[in-house]
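The values are calculated or read from the model by the stated rules, or taken from the named source; none is laboratory data. Since the model is a prediction, treat every value here as computed from it, not as a measurement. Here Cβ is always computed from backbone atoms with ideal geometry, including for glycine, and neighbour counts include all displayed protein chains. Protein only, heavy atoms only, side chains kept; ligands, DNA and RNA dropped before computing areas. Shrake-Rupley method; radii C 1.70, N 1.55, O 1.52, S 1.80 Å.
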Amino acid sequence: WSDPFRQDRIYQVLGEQEVHSLDDSEALLHDTLAIPATELIALLPENPSPEAREAAAMLAGWDGYLGADSGAALLYEMVIAALSERFHAAIIPPEAQDLISRVNLDAMLTALTTLDPRLGSDPAETRRTLIEGALVDGWAKAVELVGPDPSQWCWGDLHRVNIAHPLSDITAIASDFPPIEGGRSGGDGTTVMARGMRARGGYSVRHGASFLFAADVGNWDRTRFLLLPGQSADPASPHYRDFYAPWLAGEMVEWSFSRAAVDEAAVKRFTLSPH
């Protein structure tokens, strides 16, 4: 049921490479190009209204990568949400809007790109009106959330990775399992580096790939991985959150596989003895 953007981006990258290396696999796992962003950029009006001009210019000069430090990425997220709401209101009959709460992003962008007849008697004008309205709304939302200076906007300031125990409302559990929070992230649910949000649930990362794995089948000891938030489930362990920062930064580590490599990397041994 998911939109095809992540799959499409993987095919796009692999199709451009004659040889795919382990470094390429690691880079692809952390790729933040948003195909719907590039599709939206292609649809921006050439001569936007004065109210939409600043937002259109900011997106038009952007490469479509959802970096944590990107102001255009933050603006895009506001604009695409506003466009989805406007498109839903324009396309779905009023009597069905409670039943159909949203339209798939891929379906919306396809309809706008192809000037689907359901856009009305003048699809091009409807598209322009929807996009310009979304640009105005998106800019206003960005100003509301992060202030009036677009040079200070960063997607990662809103898109954070906060991890709490599901039973953290219970005081005893909250004290034993302190939250892991504050980390800034790029990407979203449409990028290969999946860092999705819950619909209408804010901008924090709510789902994605907590375990990442890039294997070298010719030399298993060169295999790389990440495991969020760490290699231990014990909050008292120094390894409880030791992968949190590398996971955010996309810095994968080698996976010791052979006995010799495991022995060399080991820092502690456990002996399990049955009673």
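A few remarks follow.
- Test: Arg206 is open to solvent by 70 Å² or more (accessible area, probe 1.4 Å) and at pLDDT 95 or above: no
- Yes/no for Gly187 being at positive phi, open to solvent by less than 40 Å² (accessible area, probe 1.4 Å) and not β-branched (Val, Ile, Thr): yes
- Selection from region 207-233 of residues that are under 28 Å from Ser84 (Cα atoms) and in contact with a strand residue (DSSP E or B) (Cβ under 6 Å, 6 or more places away or on another chain): His207, Gly208
- Cβ-Cβ under 7 Å pairs, at least 6 apart or on other chains, region 19-31 side under 19 Å from Gly67 (Cα atoms), far side open to solvent by 50 Å² or more (accessible area, probe 1.4 Å): Asp24/Gln17; Leu28/Ile10
- Residues (touching a helix residue (DSSP H, G or I) at 6+ places or on another chain (Cβ under 7 Å) and surrounded by fewer than 19 Cβ atoms within 10 Å (Cβ to Cβ)) located in region 137-150: Lys141, Leu145, Pro150
- The residue that is farthest from Val192 (Cα to Cα), counting only those in region 2-23 that are open to solvent by less than 70 Å² (accessible area, probe 1.4 Å), touching a helix residue (DSSP H, G or I) at 6+ places or on another chain (Cβ under 8 Å) and not aliphatic (A, V, I, L, M), is Gln17.
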